[in-house]
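Working notes, beginning with the structure itself.
The values are calculated or read from the model by the stated rules, or taken from the named source; none is laboratory data. Quick caveat: nothing in here was measured; it's all calculated off a predicted structure. Quick reminder, even Gly has a Cβ in these numbers, built from the backbone with ideal geometry, and neighbours come from all protein chains shown. For the accessible areas, the whole protein counts, side chains as well, though only heavy atoms, and no ligand, DNA or RNA atoms are used. Shrake-Rupley method; radii C 1.70, N 1.55, O 1.52, S 1.80 Å.
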Amino acid sequence: MIVRVAESAGFCFGIERAVKTVYEQLDGGKKVYTFGPITHNETVCGELEEKGVHILNDISEVDGIKDSVIIIRSHGVSRDIYDRLKETEQSGSNTIIDATCTFVKKIHKTVAEKSAEGFEVIIVGDMTHPEVQGICGWCKKSAIVVKSADEAKKINADSEKNYVLVAQTTFNSNKFKEIVEILQQTLYNILVVNSICNATEKRQRETVELARISDAMIVIGGKHSSNTKKLFEISEKECKDTYYIQTRDDLNLEEFKSFRCVGITAGASTPKSIIKEVQELCQRK
């Protein structure tokens, strides 16, 4: 069996930096918390939990925590949560480390500035995703969130308003372009900021290319990973035999008996170690 692995599969810069930050703080002698899972990968978060890292899911949980390190996850948080966390640092209670992805921070800056100038903010992404929820929290007033062409068509155009459009960093680049084309036909005063990160676009492009030359595809990532789900959708369009797994334990090699060429890709939150284990298992077949 020929096994090919996408070049960009695995941790992106933002996730790698965030996870590295957590490990660095474990040697500091203080209790370590992350606000939200540092990444959407159950294996990574499980390993950190075994080392004593605790996950905070609500700002109210910060009350009573003292002399600890709190790390903001790679997805970022809203301005209100960010300010509340910094207040605990200013009072001398805790050390706050912001591990928000730099690409996400740029979006925060864009929507904060433009909404302050009076622009209506449109976010292309999934409202249930923490990154999008965080971006909404940096807008001066409520943002419009759309994740499909159908939703984009339902936006009521107002010729008197100026709009700025940004995207969740891991959004499907082709769907983003489709939504932009729709909105540009109805919203005349619209500033489009393509905030999908380069790593995401490259990973999606490589997935298409690899799926087209493979008999089967394996997409590795956490079950809550938005960008991994998008890779699966992209791969499945090009290769019907696409499998979504979290670790090598989810792989049934009996299903691969008839395949001569298998491609492997992985989401931005998947560590190289898991990718290597899956690759080695397939190569034994």
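Couple of notes before you dig in:
- The range 49-106 - Kirkwood radius from inverse mean 1/r over Cα pairs (Å): 12.0 Å
- Relative contact order of the range 128-285: 20 percent, from C-alpha pairs under 8 Å at least 6 residues apart in sequence.
- Solvent-accessible area of residue 102 with every protein chain in place, 1.4 Å probe, in Å² to the nearest 10: 60 Å²
- Total charge dipole magnitude, the range 53-132, about the Cα centre, Cβ charges on Lys, Arg, Asp, Glu only, Debye to nearest 20: 260 debye
- Taking all protein chains into account, the per residue accessible area for the chain stands at 49 Å² (1.4 Å probe).
- Debye intensity ratio in log₁₀ form over the Cα atoms of the range 85-215, taken at each q of 0.20 Å⁻¹: -1.14
- Percent of Cα pairs exceeding the 22 Å cut-off, where the set is the chain: 61 percent
- Rg/Rg_globular for the range 12-52, with Rg_globular taken as 2.2 N^0.38 Å and Rg from C-alpha atoms: 1.09
- Gaussian network model of the chain, Cα within-10 Å springs - most flexible of 243, 163, 23: 23
- Across the range 1-107, the volume of the C-alpha convex hull divided among the residues equals 119 Å³ per residue.
- As a calculated quantity, the FRET efficiency between residue 212 and residue 184 at R0 = 25 Å, using C-beta atoms, amounts to about 0.25.
- Its Cα centre serving as origin, the range 222-285 has a Cβ charge dipole (Lys and Arg +1, Asp and Glu -1) of approximately 140 debye.
- Span from the the range 235-272 Cα centroid across to the the range 130-146 one, whole angstrom: 34 Å
- Tail beyond 17 Å, pair distance distribution of the range 106-152 (Cα, percent): 27 percent
- Shown for the chain: the carbon plus sulfur share of the solvent-accessible area, taken with all protein chains present and a 1.4 angstrom probe, equals 45%.
- Of the residues 136, 239, the one with the largest accessible area comes first in the ranking 136, 239, computed with a 1.4 Å probe on protein heavy atoms.
- Using the Cβ of residue 6 as centre and a radius below 11 Å, the other residues enclosed give a net charge of +1, where K and R count +1 and D and E count -1.
- Charging the Cβ of each Asp and Glu at -1 and of each Lys and Arg at +1, and nothing else, the dipole of the chain about its Cα centre rounds to 560 debye.
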